Structure formats: C-alpha cells, structure tokens
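Visitor: One structure, pasted below without further comment.
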Amino acid sequence: MSSDAEAPMIQRRGLMLVLSSPSGAGKTTLSRQLLENDPHIQLSVSCTTRDRRPGEQGGVDYHFVDAATFRDMIERDQFLEHARVFDHYYGTPSQPVEEALMAGRDMLFDIDWQGTQQLKEKGRDDLVTVFILPPSTRDLERRLISRAQDAPEIVARRMAKAADEMSHWAEYDYTIINKDIATSVMQLKAILMAERLKRERQLGLSDFVKALREGR
C-alpha cells in the first residue's frame with residue numbers, strides 16, 4: 001500500500017464573510033471578537049474619506065484617503081465595492097482580498113447592504129453573508145447614544161436610516177439577533193465552520209476520494 005505522503009492534498013480557497021447591520025447593532029464588536037478568536041480569518045481593511053476617530057489607526061481600522069484619491073481608485077476599478085454613507089465614501093480594495101482568498105485565508109467584511117450587493121455581483125461563490133439585528137429599536141438607540149462617537153443629530157439620522165437598513169435582512173444567508181455578544185460570537189463561529197467545510201470549497205477533494213477508493 002502506498003504511503004500517506006502520496007495521497008492528494010486537500011486545499012481550500014478562502015471565503016468572504018460579510019457582517020452587516022444598522023449602526024449600533026454590534027457588528028464591529030462581533031467582528032473584533034471573531035478576529036481575536038480565529039487566527040484563520042483577517043479583516044478586510046476598507047478605504048474611507050471620513051475623518052479618523054479617536055483610537056483608530058490608519059491601515060488597521062481603515063485606509064484614510066481624501067476624496068480625490070478615492071475617486072481615482074473608482075476610475076481605475078480598484079474596488080470590489082464602494083458606497084457613499086453619511087456624506088463619506090467607503091470602499092473595499094480588490095487586490096489584497098483576491099490575494100488572501102487564493103492563499104486560502106478568509107476575509108471578514110464590515111460593510112452595509114449596498115456593498116454586499118456589489119460583492120454578490122463580483123464574488124458570489126466566495127461570499128457568506130450575515131445580517132446582525134438588534135434585540136429592539138430602543139436598545140439600538142441606547143447603544144448609539146452610549147458609545148458617544150456621534151453628535152445627537154447624527155444619532156437621529158442613523159436611527160432614521162435603521163429601518164431601511166433592517167429591511168434588507170432577508171437578502172442575507174444568515175441572520176443573528178444580537179442579544180448577547182458571547183452567544184452571537186458562538187453563532188458566527190458555527191456559521192464559519194460550516195461554510196469552511198462545504199464540499200465546493202475543499203479544492204482537491206475529488207482527487208482525495210479517488211485516491212481513497214484506489215487504496216492509496
């Protein structure tokens with residue numbers, strides 16, 4: 001019988017895990033905890049034209065660029081998706097994502113429903129989408145106020161937009177109601193594990209099974 005070293009190797013193309021939610025529903029917290037607990041997934045760092053918030057780092061939280069640079073990147077077709085949100089532009093550079101997927105690394109996206117629709121057009125087979133819902137509207141407003149990142153008028157605008165954002169939940173593969181962070185993180189991990197094990201994502205699986213049947 002042949003040695004194990006002769007058996008075909010099973011590799012996996014990476015996947016794109018998208019988390020979307022209305023502002024304040026907790027997707028950023030969930031993203032950070034998932035990244036801390038899973039070394040096989042990394043955050044896709046978006047470009048944005050908005051100002052840097054306290055504690056944010058360029059190249060870690062976002063690539064902070066001016067509007068002219070952003071428009072030039074659009075013209076050069078360098079984004080997988082891009083959108084204007086509250087007077088600022090956000091976009092996902094395509095090259096680092098494709099390089100990661102080819103290397104078998106998973107990418108995590110913290111984007112809205114508009115960006116998700118654009119990703120579906122360019123990479124549906126690689127995409128896994130999750131919509132995060134708050135347990136209640138009152139809870140959502142409380143979270144927005146308590147994080148003290150935005151002026152009251154911005155909080156009001158975000159709340160006004162939340163109903164429209166939440167109406168897109170059915171366009172996603174999975175939905176999580178974020179009542180408790182620990183439970184939601186556990187649910188995200190379960191989704192990610194199941195998606196990684198899908199037959200079509202395990203490259204070389206057919207050859208591996210063939211080798212098994214041949215006694216290798």
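No lab work stands behind these numbers, since they all come straight from the coordinates. Remember, predicted model here, so these are calculated numbers, not experimental data. Cβ sites come from the backbone with ideal geometry, for glycine too, and all protein chains shown count toward neighbours.
Visitor: Under the rule of at least 5 residues apart or a separate chain, name every residue whose amide H is placed under 5 Å from the amide H of Leu203.
Guide: Amide H neighbours of Leu203, under 5 Å, 5+ apart: Gln11, Arg12, Arg13.
Visitor: Out of the DSSP beta bridges found with both residues in segment 1-91, what percent are antiparallel (nearest 5)?
Guide: 65 percent
Visitor: Mind checking segment 171-216 for chymotrypsin sites (Phe, Trp or Tyr not before Pro) that DSSP puts in a loop (not H, G, I, E or B) and that have at most 15 other Cβ atoms within 10 Å?
Guide: Qualifying residues, ordered by number: none.
Visitor: Right, next: Going by how many other beta carbons lie within 10 Å of each one, how would you line up Leu43, Leu80, fewest first?
Guide: Leu43, Leu80
Visitor: Among Ser20, Gly58, Gln118, whose Cα projects farthest towards the positive end of the dipole of the chain, with charges put on the beta-carbon of Lys, Arg (+1) and Asp, Glu (-1)?
Guide: In the chain, that residue is Ser20.
Visitor: Which whole-Hz ³J(HN,Hα) couplings does segment 41-49 yield from phi under the Karplus relation 6.51 cos²θ - 1.76 cosθ + 1.60, θ = phi - 60°, glycine and proline marked x?
Guide: Listing the rounded values in order: 10, 10, 7, 6, 8, 7, 8, 8, 9 Hz.
Visitor: Residue-wise, which Karplus ³J(HN,Hα) couplings in Hz belong to segment 163-176, taking 6.51 cos²θ - 1.76 cosθ + 1.60, θ = phi - 60°, and x for glycine or proline?
Guide: 4, 5, 4, 5, 5, 8, 4, 6, 7, 9, 5, 9, 10, 10
Visitor: What ranking, highest mean first, results for peptides 65-73, 20-28, 107-115, 81-89 when packing means the other Cβ atoms within 10 Å averaged over each residue?
Guide: Ranked by mean Cβ neighbours within 10 Å, highest first: 20-28, 107-115, 81-89, 65-73.
Visitor: Follow-up question, since we're still on this one. For segment 19-113, what is the charge dipole size about the Cα centre, in debye to the nearest 20, if Lys and Arg each add +1 at the Cβ and Asp and Glu each add -1 at the Cβ?
Guide: It works out to roughly 200 debye.
Visitor: Among Leu203, Ile132, Leu43, whose Cα sits farthest toward the positive end of the charge dipole of the chain (+1 at Cβ of Lys/Arg, -1 at Cβ of Asp/Glu, about the Cα centre)?
Guide: Checked the options; the winner is Ile132.
Visitor: What dipole magnitude, in Debye to the nearest 20, does segment 45-94 give about its Cα centre under +1 on Lys/Arg Cβ and -1 on Asp/Glu Cβ?
Guide: 80 debye
Visitor: Could you tell me which label, among (i) 17.7; (ii) 18.9; (iii) 17.1, carries the value of Kirkwood radius over Cα pairs in Å calculated for this structure?
Guide: Comparing each candidate, only (ii) matches the computed number.
Visitor: What are the ³J(HN,Hα) values, in whole Hz, obtained from phi via the Karplus relation 6.51 cos²θ - 1.76 cosθ + 1.60 with θ = phi - 60°, for each residue of segment 74-80 in sequence order, with x given for Gly and Pro?
Guide: 5, 4, 8, 6, 9, 10, 6
Visitor: Once the Cα atoms of helix 137-146 and of the chain are each reduced to a long axis, what angle between those two axes, in degrees from 0 to 90 to the nearest 10, is obtained?
Guide: Between the helix axis and the principal axis of the chain, the angle is about 80 degrees.
Visitor: Next question. Run the reach check for Lys120 against lysines, Cα to Cα strictly under 29 Å, same-chain hits fewer than 8 apart removed. What comes back?
Guide: Partners found: Lys27, Lys161, Lys179, Lys189, Lys198.
Visitor: Over the chain, calculate the relative contact order: mean separation of alpha carbon pairs under 8 Å at least 6 apart, over the residue count, as a percent.
Guide: 35 percent
Visitor: Sticking with this one: Could you tell me whether segment 22-86 comes out rounded, prolate or oblate from its Cα gyration tensor? Rule is a ≥ b ≥ c as square roots of the eigenvalues, rounded for a/c under 1.5, then prolate if a/b exceeds b/c, otherwise oblate.
Guide: In terms of gyration-tensor shape, prolate.
Visitor: A follow-up question, please. Given the rule -39500 (n - 2.57) for each run of at least 4 DSSP H residues, summed and divided by the residues of the chain, what is its mean residue ellipticity at 222 nm, to the nearest 500 deg cm²/dmol?
Guide: So the calculated ellipticity at 222 nm is -12500 deg cm²/dmol.
Visitor: Continuing with this model, one more query. Would you grab the residues whose amide H sits under 5 Å from the one on Asn178? Only those 5+ places off in sequence or on another chain, please, with H modelled 1.01 Å from N.
Guide: Close amide H contacts, sequence-distant or interchain: Leu133.
Visitor: Quote the charge dipole size of the chain about the Cα centre in Debye, to the nearest 20; the model charges only the Cβ of Lys and Arg (+1) and of Asp and Glu (-1).
Guide: Computed charge dipole of the chain: roughly 480 debye.
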